[in-house]
Amino acid sequence: MAAIRTPAAKRQSWYLFVTKPTAATVTAFAAATDITCVLAASGTYISASASDKITDPAVCEDTNSGAFGTGNYDGQIAPYVLLDSAVGTYDLAGNPAFEAFKQKNTIAYLGLREGVLYGTAPTAGQLVSVYEVRSDTPQRPQELNQYVKRNIPLDVIPLFENAVLTA
């Protein structure tokens, strides 16, 4: 089958791993907790940002071009805080993403699978990325016309970036 351009909408799945994955495998993703439906799309992302640049030209060079140095990543997770709407009680089991990140400096492992419609089982050959993340203090959004959620900035270390799932 020929490769085609794939729309991004509804073609992301986010996973929370219990332990640090050692490889991007179908088994690891199948064992992880799928947290896609408890994250707000408006505030959940992880991406590489511009790398540091090394600029140390020789005396004879008239440009300041250099090389790319240390890579940088930016990320945030926006878990909904699911409450009983009648009495406001909180359910630990129903809030796996918020529970994982509700304390500052929590280290966790997130996986992102792209290009496959949500609900499709992990399969060898799919494109994935896995990150080690450290959480900052959860922040309440300023807008009051949203669901109860927290925006949580992340410090990101890529473990497997743009990897292909193996069996």
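The values are calculated or read from the model by the stated rules, or taken from the named source; none is laboratory data. Here the structure is a predicted model, which is why all the values come from computation and not from measurement. Positions of Cβ are backbone-derived with ideal geometry, glycine not excepted, and every protein chain shown enters the neighbour counts. Please note that ligands, DNA and RNA were not included when accessible areas were found on the heavy atoms of the full protein model with its side chains. Shrake-Rupley method; radii C 1.70, N 1.55, O 1.52, S 1.80 Å.
With the dipole of the stretch 1-158 worked out from charges on the C-beta (+1 for Lys and Arg, -1 for Asp and Glu) around the Cα centre, which of ALA86, PHE101, TRP14 lies farthest toward the positive end?
ALA86
How large, in percent, is the carbon and sulfur part of the accessible surface of the chain at a probe radius of 1.4 Å?
For the chain, the apolar C and S fraction of the accessible surface comes to 54 percent.
Considering every Cα-Cα pair within the stretch 1-94, what fraction, in whole percent, is farther apart than 20 Å?
Tail fraction, whole percent: 65.
How much length is gained if the chain between GLU61 and LEU92 is pulled fully straight, taking 0.36 nm per residue apart and subtracting their Cα-Cα distance, in nm to one decimal?
5.1 nm
Which whole-number percent is the relative contact order of the stretch 80-167 (Cα, under 8 Å, 6+ apart)?
Working: 152 pairs, mean separation 26.5, N = 88.
Over the stretch 80-167, the number comes to 30 percent.
When Rg and Dmax of the Cα atoms in Å is calculated directly from the model, which label among (i) 17.0, 58; (ii) 18.9, 73; (iii) 14.7, 42 fits?
Read-out from the structure maps to (ii).
Can you tally the lysine pairs in the chain where the Cα-Cα distance is under 28 Å and the two residues are eight or more apart, or on different chains?
The result is 8.
Using a Förster distance of 35 angstrom, determine the FRET efficiency expected from the C-beta separation of VAL148 and LEU127, and round it to 0.05.
Working: r = 32 Å, r/R0 = 0.92.
So, using R0 = 35 Å, E works out to roughly 0.60.
Could you give the accessible area per residue of the chain, probe 1.4 Å, as a whole number in Å²?
Working: 10350 Å² over 167 residues.
Result: 62 Å² per residue.
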